[in-house]
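As structure tokens, the structure follows; a few thoughts come after it.
The values are calculated or read from the model by the stated rules, or taken from the named source; none is laboratory data. Worth saying up front: this structure is predicted, and the values here are computed from it rather than measured. Here the Cβ positions follow ideal geometry from the backbone for every residue, glycine too, while neighbour counts run over all protein chains shown.
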Amino acid sequence: MTGTIVVVLIILAIIAGIVWLAKQRAKAQQRELDDAKSEARRWVERLGGSVLNLQGTNEASMQAMADASERYNAAGSQLDQAKTVPQCRQVTETAYEGLYYVRAARTAMNLDPGPELPALPGQQRAGSVTEAREVDVEGHHYSAAPVPSDRNSHYYPGGMVNGRPVPSGWYSEPWWKTALVAGAAGIGSFLLMDALFSGMHGTAYADGFHDAQAMGAGDMGGADMGGGDFGGGDWGGGDFGGGDFGGGDF
């Protein structure tokens, strides 16, 4: 009888321990989620401040601010839906992307671009446009340049588009958006990237397009700023960990 009681007590103690550990884990996960959501909200608010307080003065800066506003709206929508830490980190990443457009707008207006930002997914791999280029692909004229102009007034912060690296720079039109809709098999975007970037120093295409294609092969499952857990869209999935970069108009 005594042995049975001891066994029962041991079992109850084990069950109580499991319940306690489960509660502690749940509390820790909730704290992590709260911290991630707070960090995301802080960056969304910072982007919102820039969107509300900065107005473009030329075509390039106005277009960049329009893109920044679009990312702000996307980040706000993501934040409302975020229920996990990875989703909160995607919100933060979207806000970072918006701030890259703000930096571009300030550059186009000859203002101090403000503090540096963490690299977006694939951005460092893609590199930056280092020379002006104009090409004709499938009967359409495209151009790219390292600085904004009336011709090249669409900024892209750099990253992966359908698994292929696209350098940061200024373009004649936002063709990467069409490429995202067309999908990874879109031959038009394939030919365009080849024509625009092949052999360009400072980009993933410096040694030829096929090397850049091989570099992006592991990212074929992701679109621009990687598909997240929000059920589609071009929202990001990187983990920047947060941090206050301070200063500037961000």
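As an exercise: evaluate residue 52 against (1) in contact with a helix residue (DSSP H, G or I) (Cβ under 8 Å, 6 or more places away or on another chain); (2) of a type in the set (A, V, I, L, M, F, W, C); (3) more than 18 Å from residue 110 (Cα to Cα) and give the number of the one condition it does not meet.
(1)
Has the range 97-114 got any residue that is touching a residue at least 40 places away in the same chain (Cβ under 8 Å) and either over 30 Å from residue 154 (Cα atoms) or aromatic (Phe, Trp, Tyr) (or both)?
Yes: the range 97-114 contains one or more residues that are touching a residue at least 40 places away in the same chain (Cβ under 8 Å) and either over 30 Å from residue 154 (Cα atoms) or aromatic (Phe, Trp, Tyr) (or both).
For the range 1-54, give me each residue that is under 33 Å from the mean Cα position of the chain (by Cα) and charged (D, E, K, R).
Listed by number, the residues that qualify are 25, 27, 31, 32, 34, 35, 37, 39, 41, 42, 45, 46.
Please work out if residue 123 is buried (at least 22 other Cβ atoms within 10 Å of the Cβ) and either modelled with pLDDT under 95 or not β-branched (Val, Ile, Thr) (or both).
It is true that residue 123 is buried (at least 22 other Cβ atoms within 10 Å of the Cβ) and either modelled with pLDDT under 95 or not β-branched (Val, Ile, Thr) (or both).
State which residue is surrounded by the most Cβ atoms within 10 Å (Cβ to Cβ) when the search covers only the range 53-96 and only residues that are among the polar types (S, T, N, Q) and under 23 Å from residue 152 (Cβ atoms).
The first filter runs over the range 53-96 and keeps only residues among the polar types (S, T, N, Q), leaving 53, 55, 57-58, 61, 63, 69, 73, 77-78, 81, 84, 87, 90, 92, 94.
If we keep only those that are under 23 Å from residue 152 (Cβ atoms) too, we end up with 55, 57-58, 61, 63, 69.
On the way: 55: 11, 57: 14, 58: 16, 61: 25, 63: 21, 69: 18.
Out of the qualifying residues, it is 61.
Assess whether residue 141 counts as being within 21 Å of residue 54 (Cα to Cα) and in contact with a strand residue (DSSP E or B) (Cβ under 8 Å, 6 or more places away or on another chain).
For residue 141, the condition - within 21 Å of residue 54 (Cα to Cα) and in contact with a strand residue (DSSP E or B) (Cβ under 8 Å, 6 or more places away or on another chain) - is not met.
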